[in-house]
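Student: The following block contains the structure, expressed as C-alpha cells.
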Protein chains: 4
Amino acid sequence: MLTATKEIEVRYAETDQMGVVYHANYLIWMEIGRTSLIETMGFKYSDMEDEGVLAPVMDIIISYKSPVKYGDKVTVHTWMEHYDGLRTHYAYNIVLEDGTLAASGLSKHVCVKKESFRPVSVKKYFPAWHEACEKHKKQPEMQGSK
Amino acid sequence: MLTATKEIEVRYAETDQMGVVYHANYLIWMEIGRTSLIETMGFKYSDMEDEGVLAPVMDIIISYKSPVKYGDKVTVHTWMEHYDGLRTHYAYNIVLEDGTLAASGLSKHVCVKKESFRPVSVKKYFPAWHEACEKHKKQPEMQGSK
Amino acid sequence: MLTATKEIEVRYAETDQMGVVYHANYLIWMEIGRTSLIETMGFKYSDMEDEGVLAPVMDIIISYKSPVKYGDKVTVHTWMEHYDGLRTHYAYNIVLEDGTLAASGLSKHVCVKKESFRPVSVKKYFPAWHEACEKHKKQPEMQGSK
Amino acid sequence: MLTATKEIEVRYAETDQMGVVYHANYLIWMEIGRTSLIETMGFKYSDMEDEGVLAPVMDIIISYKSPVKYGDKVTVHTWMEHYDGLRTHYAYNIVLEDGTLAASGLSKHVCVKKESFRPVSVKKYFPAWHEACEKHKKQPEMQGSK
C-alpha cells in the first residue's frame, strides 16, 4: 500500500471565530492529500479532467480529533483504502507536527463523464491508472498467513 | 420531532471547475440549517458562544446524491436526530427545488468550554436549551404501538 | 439610477479568528449584490454564461470601514457606476442593520467569450442587456441644471 | 527593499465554474504572501496576535491580469510599499510559472487592539518590528542623486 504525505501550512482564512480551523476546510485538505497520492502514483488529476472524466465525491466521513490552529503545520497522509475498478475510496489521517492526530477521514468516488455525470469504467478509460490503483491500493490481508 | 427548513441560494463562489457546487460547501449549508433549527427552537447559537461555550463538530457523514448548480436554490431540512444531554446529533436533507435529494448528512457535536475545549453538561449550563432539545429531538418510536 | 438591495445573513464559516468576517468574503457579498442588481434589471447572469459569455472581474477596490460579526445581517446596495458598451463598473455599499457602513467597493468587468477569454461587445451580443444598462446606470449629472 | 517570494499550488477548491480561480481567493494568497514577508523579516504574525494586537485590512486594490487555472503554481512576490509607524501598505505581484503577471495588488493595514479595535502605535508596542519595517520597506528614491 502506498501512502502519500503532504504538508500543509494553515491559512489565516481557514480559521473561524472559534479560534481554530473551520471544519469544512479539512475536506479541502483531504482533496490536496488525494491529489498528492495521485501524483505519487505518477498521474495528474487535471489530466483526467482534460480527457472529460471527473471523479466527484460520493460520500465523506470525517472525525475531528484535535483542533488545528493558525500557525500549525499539518501533514495529510493519504492512501487508497479500496478500489474495485469502478469505485475508489481514499483514507486520510491529518496529523499535527507533534504527532497528534487532528482528524481521520474517508472519501468515496466514482468516475463520471463530464458531460453527463454518468459513471465510466476506469479500467476501460484509463488502463494505466487502473493498473496503478490495483498495485498501490490497500491489499487485502492474507488469511492464515504465518 | 421539529424540522427546520432553510432556503439557500447557490453562490457563484461555491461552484468549482466541475461546474457544480464544491462538495465542502455543503458542510457550510449544514451549519446554516443547524443554526436555523436552533432559532426555530427559540435560541441563538451566538448567545451560547457569548457565554463561553462552543459546540464544535466531532464527526460528519455526508452522501452526495445529485449535483447542485449555480442558479439553483436548495432547501436544507434539519432535525435533531439524537440528544442525550451531552452529545447532539443533527441530521440534514438538502433538497433541490424539484424535490430531488441533493445530499443527506449527519453531524455530531459536543459542547465544550471556549477556553479549554473541555466538554460541559448542557443540562447544567443551559437548562432551557436542554428542555427544548428533549422536547424537539427525534423521539424513539414506541414498540408495540398499534 | 437603479440600486438593488440584498440582505445577507453572516455565516459562521465567514468569520476568522479575529472574531469578525474575513475580508475576502466581502468580495463574495459584492458578487451577490451584483447578481441581485442584474436580476432587478430583469436578467440572469447564469443565462449569459449559458450563451458562452463570462463577465470576469478586472479590478476590485474595497475599503473596510467597520467590522462585521457573526449574528449580523448586512445589506448590500449595488448600482452600476459606469457602463460604456464594453466595460461595466459596479459600486457597492455594505451596510449594517443600524445603518453603519461596513464597507464600500467597486468592481470593474469586461465581457469575454468563455472559450477564448477574448472581449466581446455587449451591445452586439446582448442588445437587450445593453439597453437596460444604458437606462439604469448612473447617469452623468447635468451641468448648469437649475 | 526586501521582497518575499512564496510559491502556492492552486487548489481545486479555489476554482469556480468559469474554469479559473475565483477572484476572491487572490486575497487569501496576498495574505499568505504578507505572512511570508513578515517571516522573512524575522517575525511571526501569530505572535503579534498572541500579544493582543491585530493588523486588519483597511483597503484592498487588486487588478486581475491573466487567469490562473487548476494545475498552475503561482509565486506571490510581496514587499512593504509604505510604512509610517501607524499604517503599513503591502504590495503584491502574483506571477505564473512562465513569468506572466496574473495579478497585482495592494493592501493597507493599521494595527489595532484586539479588544477594542482601536489603533495602536507599532513603534511603541513592537519596537523591534518597527525597526525592521523601517529597514526593509521600500525606500523613497533620492531626489537629485547622481
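Student: Is it the case, given these coordinates, that D:Tyr22 is more than 28 Å from D:Pro127 (Cα to Cα), over 17 Å from the mean Cα position of the chain (by Cα) and more than 12 Å from chain C (Cβ to nearest Cβ)?
Tutor: no
Student: Can you name the number of the only condition in (1) within 18 Å of A:Glu97 (Cβ to Cβ); (2) under 12 Å from the mean Cα position of the chain (by Cα) that A:Met30 fails?
Tutor: Looking at each condition in turn, A:Met30 falls short on (1).
Student: When residues of the range D:59-70 are filtered for being at the interface with chain C (Cβ under 7 Å from one of its Cβ atoms), in contact with a Phe, Trp or Tyr (Cβ under 9 Å, 6 or more places away or on another chain) and either open to solvent by 20 Å² or more (accessible area, probe 1.4 Å) or over 21 Å from C:Asn25 (Cα atoms) (or both), how many remain?
Tutor: Number satisfying all stated conditions: 3.
Student: Here's a check for you: in the range D:4-22, which residue that is β-branched (Val, Ile, Thr) and touching a strand residue (DSSP E or B) at 6+ places or on another chain (Cβ under 7 Å) is surrounded by the most Cβ atoms within 10 Å (Cβ to Cβ)?
Tutor: Residue satisfying both the conditions and the ranking: D:Val21.
Student: Another question about this same structure. In this structure, is A:Val95 open to solvent by less than 10 Å² (accessible area, probe 1.4 Å) and at pLDDT 95 or above?
Tutor: Against the criterion (open to solvent by less than 10 Å² (accessible area, probe 1.4 Å) and at pLDDT 95 or above), A:Val95 does not qualify.
Student: Counting only residues that are at pLDDT 95 or above, within 14 Å of another protein chain (Cβ to nearest Cβ) and open to solvent by 30 Å² or more (accessible area, probe 1.4 Å), how many does the range B:99-142 have?
Tutor: The total comes to 5.
Student: Which of the residues belonging to the range A:45-58 are surrounded by fewer than 19 Cβ atoms within 10 Å (Cβ to Cβ), facing another protein chain (nearest Cβ under 7 Å) and either closer than 22 Å to A:Asn93 by Cα or not small (Gly, Ala, Ser) (or both)?
Tutor: The answer is A:Pro56, A:Met58.
Student: Just the residues that are assigned to a loop (DSSP other than H, G, I, E, B) and of a type in the set (S, T, N, Q), please, taken from the range C:84-138.
Tutor: C:Thr100, C:Ser116, C:Ser121
Student: Does C:Tyr26 meet the test of being among the hydroxyl-bearing types (Ser, Thr, Tyr) and open to solvent by 10 Å² or more (accessible area, probe 1.4 Å)?
Tutor: Spelling it out, it is not the case that C:Tyr26 is among the hydroxyl-bearing types (Ser, Thr, Tyr) and open to solvent by 10 Å² or more (accessible area, probe 1.4 Å).
Student: Right, something else. Among all residue pairs at least 6 apart or on different chains, which show Cβ distances below 9 Å where the first residue, located in the range D:6-29, is closer than 20 Å to C:Tyr26 by Cβ and the second is at pLDDT below 95 and in a strand (DSSP E or B)?
Tutor: D:Met18/C:Leu54
Student: Looking at the range A:96-138, which of the residues that are aromatic (Phe, Trp, Tyr) and out of contact with any strand residue (DSSP E or B) (no Cβ under 7 Å at 6 or more places or on another chain) is nearest to A:Ala55 (Cα to Cα)?
Tutor: Here the answer is A:Phe117.
Student: Okay, next question. Tell me which residues, restricted to the range C:27-44, are within 12 Å of chain D (Cβ to nearest Cβ) and of a type in the set (A, V, I, L, M).
Tutor: Result: C:Leu27, C:Ile28, C:Met30, C:Ile32.
The values are calculated or read from the model by the stated rules, or taken from the named source; none is laboratory data. The structure presented is a predicted model; accordingly, all values stated were derived computationally and were not measured. In this analysis, Cβ positions are derived from the backbone assuming ideal geometry, glycine residues included, and neighbour counts consider all displayed protein chains. Ligands, DNA and RNA are excluded from the accessible area calculation, which covers all protein heavy atoms including side chains. Shrake-Rupley method; radii C 1.70, N 1.55, O 1.52, S 1.80 Å.
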